[in-house]
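What follows is a short report on a single structure.
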Amino acid sequence: MFIIPDMEIGGGQTLVIRLANYFSKFHNVYLYNARPWLCEDRVYNMISDKVHILDSKGDPNQLREFVIAYHIDTINDHIWWSDKIAYKAVSDLDTKIVLSMHGCYEALMQHPDWDEEFDILAPDILNRANNIIYATDKNKRIFSRIPVEEKSHKIYYGYELESIPIAVKESLNMEQDSFVFGLVARGIKEKGFGEAVEAFKILKKQTKRNIDLVLVGNGPYIDGLKKENLNERNIHFLDSLKKPSEWIGWVKIFDCGLLPTYYISETLPNSVIEYLAYNVPVISTDIGDIKYMLESEEAKAGILLNLHHGIVEVKELAEAMLTMLIDQERYMEYKKGTKELFSQFDIKNFAERYYSLF
């Protein structure tokens, strides 16, 4: 059984669904939503027909009944709210718990007011888990408070290429020869949407080439940003995509993928993995393990920006975008490097490492 924290757009949520879909090809897989009142159709519709989606009330007693009724051998819970409901449901059962971290523990250590139960339950939850999976070393901060590192395992995410139709530039009135910058992320300020817009405006003044900026995300912050830029015909907001993984069609036309993130829980952003998967050079920031996503001893797949006082500098972002636009040799080096850097996110290696713990 996989437990997802909610069915809203987010990297951790997407990863759970991709795992469940992959394992459902070979095993009997159940999926439980820890917070069923948080659900988007486009996320729900990403789930394979082979996955048994349980009718959740977000109730530990109900979850316990499902675990017993369906003879669940292993639970894989992702993100704090899933960890919490799994613990409350099966703390005294023999069911194996494999807990997957995504950055929420270090965030809750800084903001315990996000959940008043965190300080109380975190030690019991981590001690009850049979195995703990983390993606980046910063996830291990909680181990200084709760010493359970001996049963922890570092596993990078995995991604399987999708046969999503490529988007059509003309649908957004782009010129066919336009160089397209794109940003796909949860629609919050800390993902760098505002900085991307400001950097793009600077770049527009520095070049005569046709360039466009595509922003894929939704939410109140995006709504405000969209209103502020109604007259910017080369800035396109895709905030109402409905089809499962529809954004991948747009990633496929990006010439450069952006993620100028300073989000506190950033770990291994799926958007960067997706850019690499479709050979799109990247501009991102040095937070989480993004550095290792974009650079190895053998290759580079993009430009890494340092954060200054916790945020990205718009001027530096604009300079990096200009480099991608005019330095053809470096651009092709990064494009070639995407294949090498994406290899670390092979779905089969990822799934095999998870299965060894299940």
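The values are calculated or read from the model by the stated rules, or taken from the named source; none is laboratory data. Here the structure is a predicted model, which is why all the values come from computation and not from measurement. No Cβ is skipped: glycine too gets one built from the backbone with ideal geometry, and neighbour counts run over all protein chains shown. SASA here: full protein model, heavy atoms, side chains in, ligands and nucleic acids out. Shrake-Rupley method; radii C 1.70, N 1.55, O 1.52, S 1.80 Å.
Computed over region 1-123, the range of Cα coordinates on each principal axis works out to 39, 33, 22 Å, biggest value leading. Comparing 161, 99, 238 in a Gaussian network model of the chain where C-alpha atoms under 10 Å apart are linked, the largest mean-square fluctuation is found at 161. Note on region 1-58: dipole from Cβ charges, positive end direction compared against 56, 29, 14; the farthest Cα belongs to 29. The alpha-carbon of residue 291 sits under 16 angstrom from the alpha-carbons of these aspartates and glutamates, leaving out residues fewer than 8 places away in its chain: 137, 266, 274, 340. Between residue 329 and residue 110, the FRET efficiency from the beta-carbon distance, with R0 = 35 Å, is close to 0.25.
Can you pull a Stokes-Einstein diffusion coefficient for the chain at 4 °C (1.567 mPa s), Rh from Kirkwood over Cα pairs, as a whole number of µm²/s?
61 µm²/s
Each 5 Å bin, from zero up to the one with the longest distance, holds this percent of the alpha carbon pairs of region 66-196: 2, 8, 15, 16, 14, 12, 9, 8, 7, 5, 4, 1, 0. Shape summary: region 75-148 maps onto an equivalent ellipsoid whose semi-axes, from the alpha-carbon gyration tensor, are 18, 14, 11 Å in decreasing order. For region 4-69, the convex hull drawn through the C-alpha positions has a volume of 76 cubic angstrom per residue. Between residue 150 and residue 170, residue separation times 0.36 nm minus the direct Cα-Cα distance comes to 1.8 nm. DSSP bridge analysis restricted to the chain gives an antiparallel fraction near 5%, rounded to the nearest 5.
Taken over region 207-322, the convex hull of the Cα atoms encloses 136 Å³ per residue. Relative to its Kirkwood radius, the Cα radius of gyration of region 124-228 gives an Rg/Rh of 1.16. Let me check against my output: what whole-number percent is the relative contact order of the chain, with C-alpha pairs under 8 Å and at least 6 apart? Across the chain, relative contact order equals 15 percent.
Solvent-accessible area assigned to carbon and sulfur over the chain amounts to 47 percent, based on a 1.4 Å probe. Largest GNM mean-square fluctuation across 85, 166, 47, computed for the chain with C-alpha springs under 10 Å, falls on 166. When the Cα positions of 82, 321, 147 are compared along the charge dipole of the chain, 321 comes out farthest toward the positive end, with charges on each C-beta of Lys, Arg, Asp and Glu.
The long axis of helix 314-326 is offset from the longest Cα principal axis of the chain by roughly 70 degrees.
Within region 170-233, all pairs of alpha-carbon atoms sorted by distance into 10 Å bins from zero give the percentages 19, 54, 26, 1.
Relative contact order for region 48-115: 31 percent, from Cα pairs under 8 Å spaced at least 6 residues apart, divided by residue count. Accessible surface computed residue by residue for the chain, with neighbouring protein chains in place and a 1.4 Å probe, gives 45 Å² per residue. A simple charge model with +1 on the Cβ of Lys and Arg, -1 on the Cβ of Asp and Glu and nothing else charged puts the dipole of the chain at about 560 debye relative to its Cα centre.
The mean of 1/r over all pairs of different alpha-carbon atoms in region 261-330, once inverted, gives a Kirkwood hydrodynamic radius of 12.7 Å. Taking a virtual spin label 7 Å from the Cα of residue 311 along the C-beta vector, which residues in region 285-303 bring their backbone nitrogen under 17 Å of it? Answer for region 285-303: 285-286. Straight-line cross-link partners of residue 96 among the lysines, defined as a Cα under 28 Å from its Cα and at least 8 positions apart when in the same chain: 25, 50, 57, 84, 88, 138, 140, 151, 154, 348. Using a Förster radius of 41 Å, what is the FRET efficiency between residue 353 and residue 61 based on their Cβ-Cβ separation? Nearest 0.05, please. Result of the calculation: an efficiency of 0.80.
Highest GNM mean-square fluctuation among 40, 150, 65, for the chain modelled with Cα contacts below 10 Å: 150. When the Cα gyration tensor is reduced to axis lengths a ≥ b ≥ c, the ratio a/c is 1.5 or higher for region 301-358, and with a/b not above b/c it is classed as oblate.
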